[in-house]
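Let me begin by presenting the structure, written as structure tokens, before commenting on it.
The values are calculated or read from the model by the stated rules, or taken from the named source; none is laboratory data. All figures in this text were calculated on a predicted structure; none of them were measured in a lab. Here Cβ is always computed from backbone atoms with ideal geometry, including for glycine, and neighbour counts include all displayed protein chains.
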Amino acid sequence: MFDTSGGKKTLVIGAMGQIGQELLEALYLQKGTEAVIAADIRAPKTPLEGKFAELNVMERDALIDLIKSHEVGEVYNLAAILSAKGEQHPELAWDLNMTGLLNCLEAARQTGLEKVFWPSSIAVFGPSSPQAHTPQYCSMDPNTVYGISKLAGERWCEYYAARYGVDVRSLRYPGLISYKAAPGGGTTDYAVDIFHQALQHGRYTSFLDAHSRLPMLYMKDALQATIQLMSVPRERLRIRSSYNLNGLSFTPAELTQAIQVFMPALEVSYAPDFRQHIANSWPDSIDDRYAREDWGWRPSYSLEEMTREMLGNLAPTYGVNLMTEKAGTS
Ligand code: NAD
């Protein structure tokens, strides 16, 4: 049975991005195609199953009009400029990441939205944060514009929840790995690129060094966490800034080994660039006890399972015949 949130619609802003494209599919299944509106500043490349609206999240009046005219009850705001791209366009990143969020929070307050989802990131942590099992509450001194915007955004979420009762929910996503949509300019993008390059060319040059350990999550787990968080009764949520979320934690060398199980000839070299500096300031792994306790978060995918699924799904695109008994599709 579809959850149609009392007949109100669900609006996904930034729906054409890496997460948005897959979140749409998950929401179509959960709520029914008719109940979901995809919005983005860029039009879809191929027609969507459900409705699409062209929207610039920077335009508050247009956003409020869309919410009112389509009787929207829930908004997922995914429009942002990510870490690596943000360092190339700092002012643009600050403008979009802040104004976009504030417009959604303000629209929620003014129109009485039932719920808002907005993702934060592990980029909120910085060099003085503990690197291993980084706790929910600790020293946070992000040194990228992206991280600064996410930390400020978290404070705004908590403020709107406390002051205006806006039911805003958030996760600190780690690097997300998926085979369906290309990543949008983050520091963890290597963990997606490597699969494509391995299958296409049999070799890969990593822009992070071999031993840069970072928190990561397979997209299916990220979607599961997002939908679970949005489904839980509000009184169960203790955190209105953003929940720590842990899944996997690995280095480029460890990911290479996991892929070499299926593609032993894969050659990987290392040429760290400016993204190494960003990675150095981020945690190795995350302590997500609040997510586990408050809404029962448990990731499903191991590094091996994720690697198997990534290769199994991407190999046919590149006409590669992997050892089929090892790589599986889903
Ligand atoms: P993405 O860059 O792939 O997608 C962002 C989408 O927003 C794009 O489709 C873009 O066209 C759209 N957009 C940009 N400006 C817009 C505007 N003014 N109005 C409307 N739409 C606009 O990003 P993503 O990877 O899907 O990330 C989504 C969210 O998740 C972001 O908030 C990001 O910070 C967060 N996040 C992502 C990751 C990750 O690994 N992908 C990790 C941590 C946090």
Going through the stretch 35-92 one residue at a time, which ones are under 21 Å from the mean Cα position of the chain (by Cα) and assigned to a helix (DSSP H, G or I)?
Ser83, Ala84, Lys85, Gly86, Glu87, Gln88, Pro90, Leu92
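Name the one entry in Gly20, Gly50 that is of a type in the set (Gly, Ala, Ser), more than 14 Å from the ligand (Cβ to nearest atom) and surrounded by 15 or more Cβ atoms within 10 Å (Cβ to Cβ).
Among Gly20, Gly50, only Gly50 is of a type in the set (Gly, Ala, Ser), more than 14 Å from the ligand (Cβ to nearest atom) and surrounded by 15 or more Cβ atoms within 10 Å (Cβ to Cβ).
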For the stretch 60-90 the number of residues that are without any contact (Cβ under 8 Å) to a residue 24 or more places away in the chain and more than 15 Å from Thr111 (Cβ to Cβ) is 2
Of Asp209, Asp193, which residue is under 23 Å from Ala132 (Cβ atoms) and touching a Phe, Trp or Tyr at 6+ places or on another chain (Cβ under 9 Å)?
Asp209
Between Glu114, Glu25, which is surrounded by fewer than 21 Cβ atoms within 10 Å (Cβ to Cβ), within 14 Å of the ligand (Cβ to nearest atom) and not polar (S, T, N, Q)?
Glu25
Is it the case that some residue within the stretch 163-183 is closer than 26 Å to Ser231 by Cα, in a helix (DSSP H, G or I) and modelled with pLDDT of 95 or more?
yes
Lone qualifier among Ala132, Ala161, Ala123, Ala79 - being more than 10 Å from the ligand (Cβ to nearest atom) and buried (at least 16 other Cβ atoms within 10 Å of the Cβ)
Ala161
Would you confirm whether or not the stretch 179-186 contains a residue that is touching a residue at least 40 places away in the same chain (Cβ under 8 Å) and under 14 Å from Leu248 (Cβ atoms)?
no
Tally up the residues in the stretch 210-239 that are within 25 Å of Ala161 (Cβ to Cβ) and part of a loop (DSSP other than H, G, I, E, B), please.
5
Search result, residues across the stretch 135-158 that are buried (at least 18 other Cβ atoms within 10 Å of the Cβ), within 30 Å of Gly112 (Cβ to Cβ) and of a type in the set (A, V, I, L, M)
Leu151
Filtered residues of the stretch 65-103 (kept if at pLDDT 95 or above, over 21 Å from Leu24 (Cα atoms) and hydrophobic (A, V, I, L, M, F, W, C))
Leu92, Ala93, Trp94, Leu96, Met98, Leu102
For the list (1) among the small types (Gly, Ala, Ser); (2) farther than 19 Å from Arg240 by Cα; (3) in contact with a helix residue (DSSP H, G or I) (Cβ under 7 Å, 6 or more places away or on another chain), I need the number of the one condition that Ala62 fails.
(3)
Filter result for Thr187 (outside any helix (DSSP H, G or I) and within 15 Å of the ligand (Cβ to nearest atom))
yes
When residues of the stretch 1-16 are limited to those that are surrounded by fewer than 23 Cβ atoms within 10 Å (Cβ to Cβ), modelled with pLDDT of 95 or more and not in a strand (DSSP E or B), the one nearest to the ligand (Cβ to nearest atom)
Met16
